[in-house]
Each structure stands twice: as C-alpha cells, then as structure tokens.
1. Measure nothing fancy, just the Cα-based angle from helix 198-208's long axis to the longest principal axis of the chain, in degrees from 0 to 90, nearest 10.
2. Just checking my list [x] 31, 21, 13; [y] 34, 18, 17; [z] 25, 20, 17 against semi-axes √(5λ) of the Cα gyration tensor in Å computed from this structure; which label fits?
3. Quick query: amide H of LEU24 versus all other amide H atoms, modeled in the peptide plane; which residues come in under 5 Å with a sequence gap of 5 or more or a different chain?
4. Treating the range 70-170 as a set of equal point scatterers at the Cα positions, no solvent, please give the Debye-formula log₁₀ I(q)/I(0) at q = 0.11, 0.22, 0.24 Å⁻¹.
5. Build a GNM of the chain with springs between Cα atoms under 10 Å: which of GLY186, GLY129, GLY15 gets the top mean-square fluctuation?
6. Label ILE30 and GLU199 with points 7 Å out from Cα along Cα→Cβ: what is the distance between them in nm?
7. What is the extension gain from TYR210 to ARG118, computed as 0.36 nm multiplied by their sequence separation minus the C-alpha to C-alpha distance, in nm to one decimal?
8. Would you calculate a helix-derived [θ] at 222 nm for the chain, using -39,500 (n - 2.57) for each DSSP H run of n ≥ 4 and dividing by the full residue count, to the nearest 500?
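Please treat every number below as a calculation from the coordinates, not as lab data. Just so we're clear, the structure is a prediction, and the values are computed from it rather than from any experiment. All Cβ positions, glycine included, derive from the backbone under ideal geometry; neighbour counts span all protein chains shown.
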Amino acid sequence: MHVRPEALTAIVASGRPIEVGILLFPDVEILDFAGPFEVFSVASRVARRNGALATVPFRVSTVAAQRETVVARHGLRVEPDHDFADAPAFDLLIVPGGVMTQPLADPATLDWVAAAARAATLTTSVCTGAFVLARLGLLDGLEATTHWEDIPDLRAAFPDVRVVEDVPFVDEGQIVTSAGISAGIGMSLHLVGRVLGTELASATARQMQYDWTPRAA
C-alpha cells in the first residue's frame, strides 16, 4: 500500500513536527544513523530560516534498548535520547545498518521495531538495517535493497523479498530501504522532498553541500 505524501504533510500542517526515530544498537554504522539525523535536522533549520514553515517540520531523536551509552562502529560512544520504554510514537522510523548480530538476535529489539513500525506512517532502513525489517516480515512481497556486499545474503535468507541491486533506494510507500551510507543521506533527502517538496529538499542538500538530484523511486 503506497502512503500518500499528505499522510505526513498533514502532521506538519496540524502544527506538530513529524517525530523521526532512529534506532541505535551496538556496532551501528555511524553515518547510517548520523546521515539521516543531519538531513532531517538541517531540513527543519532551512525550512524555518527560509520562512517556508511556521513550525519545525521534523523532530529527530535516537532510541536504544537501554538509556545508556551505545558503542557504535569504530568505538564511537553515543548517548540515546530514549530507551524502548519511554520512546514516543514515531511517525518516521529509521533502522540503520552496521554489524547486525545484536539486533537480529535480541527479541526486545525485534519486538520494539515491530511495534514501532506498526505505529509509524513510514518505516525505513539504511544498508543492512533491511535485514531487521526482513526478519519481521515487513518486506515480504516488496522490492527492497541493501548494501551491495549483502545483496546475496538478503536474497538467500529472505526469498519472499524481491531484492534489487544497483539502486540507491527503493520507495514502496510505507517502507523505504536504502543501499548504504551515502544512499541513507540520499534516501532522507528524497523523503524530505516527498513530504515538503523538492525545493526544500534541494535547499537542504545545498546547505549540507551534498550533491543531490531528485529522482524517481
């Protein structure tokens, strides 16, 4: 089922920001979560600065199993904003990639993602985050993508997913999967454009000095 952009723009029009939640877990890939965090945060700043909106369109926060330091890839230490118990209902859920051993083996993480995805208007993955969505059956019957190195594993492990390669992201409406670090930024800009228009998405990319061209999903 393809979600119309109005489903999220209506939230902004109501005067409240779109709640963007980014999952953190041990050995999460740094740019997989930091890239989207930057895009949606900068989009809010640009929208207010340009007078495009009277309110902040996105409020971005991170969530982990516990409210304690998460050690990301290469040893970066990150403090999540929420744990699973106190996280708000997210309108837009982002599951980043990285070393997926812990999230795929942790029932609490899988249960939380499943519940958060049911509540969200949009659920997305970056890179190997697609494996979590696939494990939960959220990609069954849909096209999806992941990092080029992991395409064969995703295809073999989840035959009900129509895995595609050589694309930066796949937009299936309620579910959007992206191929990797840079594609996570591009996917986020695509979603900014889908919700608020390509003009604001392009202004966001320019502010970030990121070479981005709007494209069809």
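1. For helix 198-208, the angle is close to 80 degrees.
2. [z]
3. VAL63, ALA64
4. Evaluating at q = 0.11, 0.22, 0.24 Å⁻¹ gives log10 I(q)/I(0) of -0.34, -1.27, -1.43.
5. GLY15
6. The answer from the label model is 3.7 nm.
7. Working: separation 92, 0.36 × 92 = 33.12 nm, distance 3.22 nm.
This chain segment gains 29.9 nm when fully extended.
8. That comes out to -12000 deg cm²/dmol.
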